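Here's the structure we're looking at; comments come further down.
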């Protein structure tokens, strides 16, 4: 009898760990993650939502000098793109914050207790915030989450009733990769930051996720249903594409 010969095991090529570094863009220090991809045929560079970090994908084994040369050539492009992300969030007494597309001047009341509320003084919208000055951003975000939930629950349930769909639950999150999601169980999730956008954009997001209750895809039937629920869909999608990253750039911490 002959001993069974075992086949030699194939070595599995594990992808290299992503490289992280800090890139100086005209004095603005940006965290950069460089990831090698087996199937990548070219270099891609993108700005993460919020404009606070960069992500680069390169072909596997690409020489470091080529990566550095690419970054040097695209300094101007990065500078232009990052210009729309102001490092000053405006979250201070006298600064501004948008609510449903309307800029509100922030007024810190100086009182340790009290509610965060909107008022109109001399025809100008104001967001009054109490509490410690160092908690200003957190109190504003708490207020925005509450307003977002009120708007999105109302709009989502309205659209769901119109197509005979059932919503299992609605939750507010602070996701950067997507504005909303819908699970197969009927759970809807929204980014509360959308409440800073105009009402038509908030309505579009609610309609978009509700449409997924019937069409769990992005095919022609889905977009037809979405447009039926939200006739201004195209304009709202365009607004999010142009301004959505600016909403993610605001740091409430």
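At-a-glance table
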| read-out | value |
| --- | --- |
| Relative contact order of the range 144-193, defined on C-alpha pairs under 8 angstrom at six or more residues apart (%) | 39 percent |
| Estimated D of the range 38-141 in µm² per second, where Rh is the Kirkwood radius over Cα pairs and Stokes-Einstein applies at 20 °C, 1.002 mPa s | 125 µm²/s |
| CD proxy at 222 nm, helix term only [per DSSP H run n ≥ 4: -39500 (n - 2.57); per residue of the chain; nearest 500] | -11000 deg cm²/dmol |
| Spin-label model distance (nm) - residue 80 vs residue 109, 7 Å beyond Cα toward Cβ | 4.7 nm |
| Computed log₁₀ I(q)/I(0) - Debye formula, equal Cα scatterers, no solvent, the chain, q 0.09, 0.13, 0.14 Å⁻¹ | -0.56, -0.99, -1.07 |
| On Cα atoms only, tilt of 136-163 relative to the major axis of the chain in degrees | 90 degrees |
| Inter-probe distance in nm under a simple model that places probes 7 Å from Cα toward Cβ, at residue 169 and residue 149 | 1.3 nm |
| Pairwise FRET efficiency - residue 66 versus residue 39, Cβ, R0 = 30 Å, nearest 0.05 | 0.95 |
| Pairwise centroid distance, computed over Cα atoms, of the range 30-56 with the range 99-147, Å | 36 Å |
| DSSP-defined antiparallel bridges as percent of all bridges, the range 19-82, nearest 5 | 65 percent |
| For the range 137-185: Kirkwood Rh in Å [reciprocal of mean 1/r, alpha carbons] | 12.3 Å |
| Estimated distance in nm for a label pair at residue 242 and residue 22, the labels positioned 7 Å out from Cα along Cα-to-Cβ | 3.6 nm |
| Residues residue 55 and residue 93, FRET efficiency given R0 of 35 Å [Cβ-Cβ distance, rounded to 0.05] | 0.50 |
| Antiparallel DSSP beta bridges within the chain, percent to nearest 5 | 60 percent |
| Sorted peptide list for 99-110, 201-212, 135-146, criterion being average Cβ within 10 angstrom, highest first | 201-212, 135-146, 99-110 |
| Degrees separating the helix 220-229 axis from the principal Cα axis of the chain, which is the longest one | 10 degrees |
| Equivalent ellipsoid, the range 137-248 (semi-axes from 5 times Cα gyration tensor eigenvalues, Å) | 22, 16, 12 |
| Distance-filtered residues of the range 235-253 - backbone nitrogen under 17 Å, label point 7 angstrom along residue 138 Cα→Cβ | 251-253 |
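Every number here is computed from the coordinates shown, using simple stated rules; none is lab data. Bear in mind the structure is a predicted one, so any value in this text is a computation, not a measurement. Note: ideal-geometry Cβ built from the backbone for every residue, glycine included; neighbour counts use all protein chains shown.
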